[in-house]
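Remarks on the structure that follows.
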Amino acid sequence: MREINGERFYVRLGASQARKRLRGIGFGVRKVETAGTGRALIIHTATGEHLRKLKAVFRDVLEAEDGEPGEV
């Protein structure tokens, strides 16, 4: 299967809950995938202000860049 182009970040939410938060927002989100129980992978092409706004939607559930829980 072909890999989707874009940047990635993880959130401590299920994929369905992440999709609900993104409904009607956009900001360059290409795909939301499950990354295990209670964890989702957001693949996006957002940059600059759009990236800041996208991460603000998930501010309370963002995981650190190295995959460990924590704020980014």
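Each reported figure results from applying straightforward, stated rules to the coordinates on display, with no laboratory input. Keep in mind it's a predicted model, so treat the numbers as computed, not measured. FYI the Cβ positions are ideal-geometry reconstructions off the backbone, even for glycines, and counts take in every protein chain you see.
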Charge-dipole axis of the chain as Lys and Arg at +1 and Asp and Glu at -1 on Cβ define it, positive-most pick from F58, Q17, A35: Q17
Per-residue ellipticity at 222 nm attributable to helices in the chain (runs of n ≥ 4 DSSP H, -39500 (n - 2.57) apiece, nearest 500 deg cm²/dmol) works out to -7000 deg cm²/dmol
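Highest mean first, what order results for 30-36, 3-9, 40-46 on Cβ atoms within 10 Å? Walk me through the numbers on the way to the answer.
Values: 30-36: 14.3, 3-9: 12.1, 40-46: 20.3.
Averaged packing, sorted descending, gives the order 40-46, 30-36, 3-9.
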Percent of Cα-Cα pairs more than 14 Å apart in segment 19-61, please. 46 percent
Tabulate in residue order the Karplus-calculated ³J(HN,Hα) for segment 31-41, using 6.51 cos²θ - 1.76 cosθ + 1.60 with θ = phi - 60°, rounded to whole Hz; enter x for Gly and Pro. 7, 10, 10, 6, 10, x, 5, x, 9, 10, 10
Can you tell me what the convex hull of the Cα atoms of the chain projects to on average, as an area in nm²? 4.8 nm²
